Amino acid sequence: MTTQEPPSKIRAPEHPADLIFVNRWSPRSFSEHHIPEGVLYTFFEAARWAPSAFNAQPWRFLYALRGQSEFDAFLAPLIAFNQGWARHAAALIYLLSRKDFTPPGETEPQFSRTHSFDSGAAWANFANQATAAGWVAHGMSGFDVEKARTVLKLPEGFAVEIAIAVGRKGDGAHLPPGLLQRERPSGRSPVGDLAARGLFPERFRR
Ligand SMILES: Cc1cc2nc3c(=O)[nH]c(=O)nc-3n(C[C@H](O)[C@H](O)[C@H](O)COP(=O)(O)O)c2cc1C
């Protein structure tokens, strides 16, 4: 389901793209709702269909549900700022990526230059599916990567890309006033700042 109205004037698209993209944003308030694992798997399903170089599908998701045993361990690597709000999420997720792949017709794995890029596409699918289903997915790079590797018992050959807090948007009751003020969709640079016909334009330097 795609909501027909942009969430605020600041999110009015300049060109008529599907509103699923403008409706996705990153709240920090979560309701008390738990997330059924079946719902979470619909987000993983959307991620699954992301494109990747050689269809290598380097993305891997590890998740913990609030109220279950792994949740505190997943929370621990986050910086204090993120812990403050993300501990109310219904699920915490780490998006990993496999750094090598075996090209078609080859037998030896080789380094994938696009393992992070491909996993970013999977994250976008995940977040947009969550939005379409009425949930929130908030990406975070604010965590201690080494601590995450230890907590998650990651083997060599896998990168930790981002953490993700998932839940139903809340009323902000858990947020300090400073964060409550920021609890609204942000704007974007004009399309003209990100796309140009032809060679590199001066305006891209801004
Ligand atoms: C890779 C990545 C890392 C981010 N890290 C954090 C973070 O550590 N803490 C946080 O509160 N928000 C984080 N965000 C959320 C961004 O601040 C947010 O996506 C951006 O301001 C655009 O706002 P919007 O998602 O509401 O459209 C992150 C987003 C991405 C994609």
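No value in this document is a laboratory result; all are computed from the given coordinates. If you're wondering where the values come from, they're calculated on a predicted model, not measured in any experiment. Glycine gets a Cβ as well: all are built from the backbone with ideal geometry, and neighbour counts include every protein chain shown.
Annotations
- Check on LEU175, assigned to a loop (DSSP other than H, G, I, E, B) and surrounded by 17 or more Cβ atoms within 10 Å (Cβ to Cβ): yes
- Single condition VAL22 does not satisfy, out of (1) among the hydrophobic types (A, V, I, L, M, F, W, C); (2) part of a loop (DSSP other than H, G, I, E, B); (3) buried (at least 19 other Cβ atoms within 10 Å of the Cβ): (2)
- Residue in segment 152-179 that is farthest from the ligand (Cβ to nearest atom), counting only those that are touching a residue at least 40 places away in the same chain (Cβ under 8 Å) and more than 20 Å from the chain's Cα centre (by Cα): GLY157
- Filtered residues of segment 149-189 (kept if among the acidic types (Asp, Glu) and farther than 30 Å from PHE101 by Cα): ASP171, GLU183
- Count - residues of segment 76-93 that are within 16 Å of the chain's Cα centre (by Cα) and either more than 13 Å from the ligand (Cβ to nearest atom) or not in a helix (DSSP H, G or I) (or both): 6
- Contacts under 6 angstrom Cβ, first residue in segment 39-57 being surrounded by fewer than 17 Cβ atoms within 10 Å (Cβ to Cβ), partner part of a loop (DSSP other than H, G, I, E, B) and hydroxyl-bearing (Ser, Thr, Tyr), 6 or more apart: ALA53/THR114
- Qualifying residue in segment 54-62 (condition: assigned to a helix (DSSP H, G or I) and either closer than 22 Å to VAL151 by Cα or under 16 Å from the mean Cα position of the chain (by Cα) (or both)): no
- Pairing each residue of segment 188-206 that is free of Cβ contacts under 8 Å to residues at least 60 places away in the same chain with any residue that is of a type in the set (Gly, Ala, Ser) and surrounded by 11 or more Cβ atoms within 10 Å (Cβ to Cβ), provided the two are 6+ apart or on different chains, yields C-beta distances under 8 Å for ARG203/ALA196; PHE204/ALA196.
- Within segment 100-133, the set of residues being surrounded by fewer than 20 Cβ atoms within 10 Å (Cβ to Cβ), part of a loop (DSSP other than H, G, I, E, B) and free of Cβ contacts under 8 Å to residues at least 60 places away in the same chain comprises THR102, PRO103, PRO104, GLY105, GLU106, THR107, GLU108, PRO109.
- The residues of segment 72-99 that are free of Cβ contacts under 8 Å to residues at least 40 places away in the same chain and either surrounded by 19 or more Cβ atoms within 10 Å (Cβ to Cβ) or over 17 Å from VAL145 (Cα atoms) (or both), listed by number, are LEU75, ARG87.
- The number of residues in segment 100-123 that are within 19 Å of the chain's Cα centre (by Cα) and not hydroxyl-bearing (Ser, Thr, Tyr) comes to 7.
- Evaluation of GLY198 against (1) more than 13 Å from the ligand (Cβ to nearest atom); (2) in contact with a Leu (Cβ under 6 Å, 6 or more places away or on another chain) (one fails), failing number: (2)
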